[in-house]
Amino acid sequence: MAERLLGIALALALFLVASLLAWRALAAADFLFPLWYDWMGIDQTIQVYAPQNRFRHGFETTEKRERLRLFSAIVTAIHRQGAGLGALRYHARDGQPLGHFLTPPEQQHLVDVARLIDRYQQLAWGSAGLSLLLLLALRRGRWRLPGGQQLLLGWLTLLLTLALLILAMGAERLFYLLHEWVFPAGHQWFFYYQDSLMSMLMQAPNLFAYIAVVWLLLSLLAYLLLLWLARRLLAPTQTG
C-alpha cells in the first residue's frame, strides 16, 4: 500500500515538474507568439479594432516588430513580479512614442497574473524537491513506480472527468468561473478589444488556447522523459 501511494505521489509531483519545464521553455520562446501572430491573423484584428480604441490611439500604424517587442516585454514582466509594465510604450514606424501601451486596470491584471505564475512556480519547485525525497524513499524500499498501464488509466480517468466537466458547464462558463476564482475580487480581468491594446494584441482568449495545447504537449513529453529517468533510478542494481 505504501509503495503504491508513494508511487502515485511521485507520478503526480513529476507531472508538475514537467509542466514547469515546458512552461519555462515556452516563456523563453515568448510562447511562440511570432508564429501565432501570423497563424491567427492578429494583424487583421489590429487593423479592425485599434482605430476603435477609446483610450489609446495610432496602434494600427505600428510595425509587426514593435508588436512582437511589446508582447515579449509583457512575458518578461510577468515573470518578474510585473516590473516594468507601467513603462511600456508603443512607437510609430519612425520610432516616435505614441503613448503608454497598458491602462492601469491592465497593469493591475498583469500583476495579478505575475503573482499567480509565482505561486505556480513555487508549487512546481516544491514538487521537484518532493520528487527527490519520494525517489529516495522508493529506492530505499526497493519499490517501483506504478506500471505504465496503471498510470495511463489514471490519467485517462482524470482527462475524461475534466472533459465531462467542461461539457456539463460549458467551456466559456468554466473559463469565466476559473478567472473569478484565481483573481482578486474587484480586479478587472475581462477587456474588450475596443478598450484594450493588450487584449487585442493577444486576440484573447484565442491565443491562450493555442498556448495551452502546446504547453500540454510539451509537458507530456517532459513527463515521459522524467518517468523514464525515475524508472532508471529505481531499477534494481545488478551486482556480480
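Rule-based calculations on the coordinates, nothing more; no lab input. Given the structure is predicted, the values throughout are model-derived calculations rather than measurements. Because the Cβ atoms are built from the backbone with ideal geometry, glycine has one as well, and the counts that use them run over all protein chains shown.
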- What fraction, in whole percent, of alpha-carbon pairs in the chain exceed 27 Å separation? 47
- Cα-centre dipole for the chain with unit charges at Cβ (Lys and Arg positive, Asp and Glu negative), debye to 20: 1040
- region 31-85: C-alpha gyration tensor shape, a/c 1.5 cut-off, then a/b vs b/c: oblate
- Query: Helix-derived [θ] at 222 nm for the chain: sum -39500 (n - 2.57) over DSSP H runs of at least 4, divide by residue count, nearest 500?
  - Reply: -23000 deg cm²/dmol
- Pick from Met198, Met40, Met169: which residue has the top mean-square fluctuation in a GNM of the chain where Cα pairs under 10 Å get a spring? Met169
- Which cross-chain or sequence-distant (5 or more) residues have an amide H under 5 Å from the amide H of Arg89, H modelled 1.01 Å from N in plane? Phe101
- With springs only between Cα atoms under 10 Å, which of Trp36, Trp23, Trp181 fluctuates most in a Gaussian network model of the chain? Trp181
- Using the Kyte-Doolittle scale, find the helices of the chain whose mean hydropathy is at least 0.5 and whose Cα atoms extend 24 Å or more along the helix's long axis, counting only whole DSSP H runs. 2-28, 148-169, 206-234
- Task: Using the Karplus curve 6.51 cos²θ - 1.76 cosθ + 1.60 with θ = phi - 60°, work out ³J(HN,Hα) for each residue of region 85-96 in order, rounded to whole Hz, and write x for Gly and Pro.
- Result: 5, x, 8, 5, 10, 10, 10, 6, 4, 8, x, 6
- Message: Quick check: Cα centre of region 1-68 to Cα centre of region 182-240, how many Å?
- Response: 9
